[in-house]
Amino acid sequence: MSNFRADMFDPLTLVVFAALGVMSLTVLSVFIFKLLQFSRLGVGKRQMAEQIINTWLSGQAEAAMQQAAARKSVLSRILHAVFTGLRARPGETAYAEELGRQTAISELATLSDRIRLLEIAVHAAPMLGLLGTVIGMIDAFSVLAQTQAAADPAALAGGIWTALTTTAAGLAVALVAYFLTSWLDARIERERNLIEVLISAAIHGRVDQSARQQG
């Protein structure tokens, strides 16, 4: 906007804008961090885990252990824990399942790390924007009350417009944070479901697809 001026905003409103700017940068940095983390931990890379499971179920226990140990993904570490439990106590599947569950809890906690910051932005950004609007409206009507002459509708409208911009900015930050959080949560949930399937397959074997279809 060509006629935009910084002095149109109350100092407190500028502080709110600065806080929203910091919040938006935090949301962006957390999202980039999570993308890099998910890539490093192999989130969603099911094929590698399926290969390890196939090796294990084909009777090549040592090769499966080596494959799981060689990879640094979430699924491979969980499978390695399950395999370790099965080999340590062959007759106690509950022990292997518990090892896998404990490892899964630890890995999922790592995947959920810092997502709380995005959730805070979803709830805090609109409230912060509303605070800026209230401050701006108070300032606009305060100036109006001190004016002895008739109020200028254009000036009043400009003050209200200035105040409402913080709400719009807060909602924009919150919407972006909400969609990013939902996308990350969906990936973690898919990983959780896949973990359960792979632990069950490693301990009890795969479901016979043909038998399931006939049933």
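The values are calculated or read from the model by the stated rules, or taken from the named source; none is laboratory data. Quantities reported herein were computed from a predicted structural model and do not represent experimental measurements. No Cβ is skipped: glycine too gets one built from the backbone with ideal geometry, and neighbour counts run over all protein chains shown.
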**OP:** Scan region 101-120 for residues that are in contact (Cβ under 8 Å) with a residue 12 or more places away in the chain and in a helix (DSSP H, G or I) and jot them down.
**Re:** Arg101, Gln102, Thr103, Ala104, Glu107, Leu108, Thr110, Leu111, Ile115, Leu117, Leu118, Glu119
Subject >> Residue check, Ala70 surrounded by fewer than 22 Cβ atoms within 10 Å (Cβ to Cβ), modelled with pLDDT of 90 or more and not charged (D, E, K, R) >> reply: no
**OP:** Looking only at region 73-100, count how many residues are in contact (Cβ under 8 Å) with a residue 60 or more places away in the chain and surrounded by fewer than 16 Cβ atoms within 10 Å (Cβ to Cβ).
**Re:** 1
Original post:
Before we move on, is Ile188 modelled with pLDDT of 95 or more, part of a helix (DSSP H, G or I), under 29 Å from Ser76 (Cβ atoms) and among the β-branched types (Val, Ile, Thr)?
Top reply: yes
**OP:** Select, from Leu171, Leu175, Leu131, Leu144, the only residue that is modelled with pLDDT under 85, within 30 Å of Ala19 (Cβ to Cβ) and part of a helix (DSSP H, G or I).
**Re:** Leu144
Subject >> Enumeration of residues in region 158-187 that are crowded, with 16+ Cβ neighbours inside 10 Å, closer than 12 Å to Ile115 by Cα and among the hydrophobic types (A, V, I, L, M, F, W, C) >> reply: Ala177, Leu180, Leu184
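Restricting attention to region 197-210, and to residues there that are in a helix (DSSP H, G or I) and more than 14 Å from His80 (Cα to Cα), which single residue is modelled with the highest pLDDT? Full working, then the answer.
Taking region 197-210 and keeping what is in a helix (DSSP H, G or I), we get 197-204, 209-210.
Okay, now just the ones that are also more than 14 Å from His80 (Cα to Cα), so 197, 204, 209-210.
On the way: Val197: 93, His204: 89, Gln209: 46, Ser210: 43.
Only one residue fits best here, namely Val197.
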Original post:
Pick from region 5-62 the residues that are free of Cβ contacts under 8 Å to residues at least 12 places away in the same chain and either in contact with a strand residue (DSSP E or B) (Cβ under 9 Å, 6 or more places away or on another chain) or not in a helix (DSSP H, G or I) (or both): which of them is surrounded by the most Cβ atoms within 10 Å (Cβ to Cβ)?
Top reply: Gln60
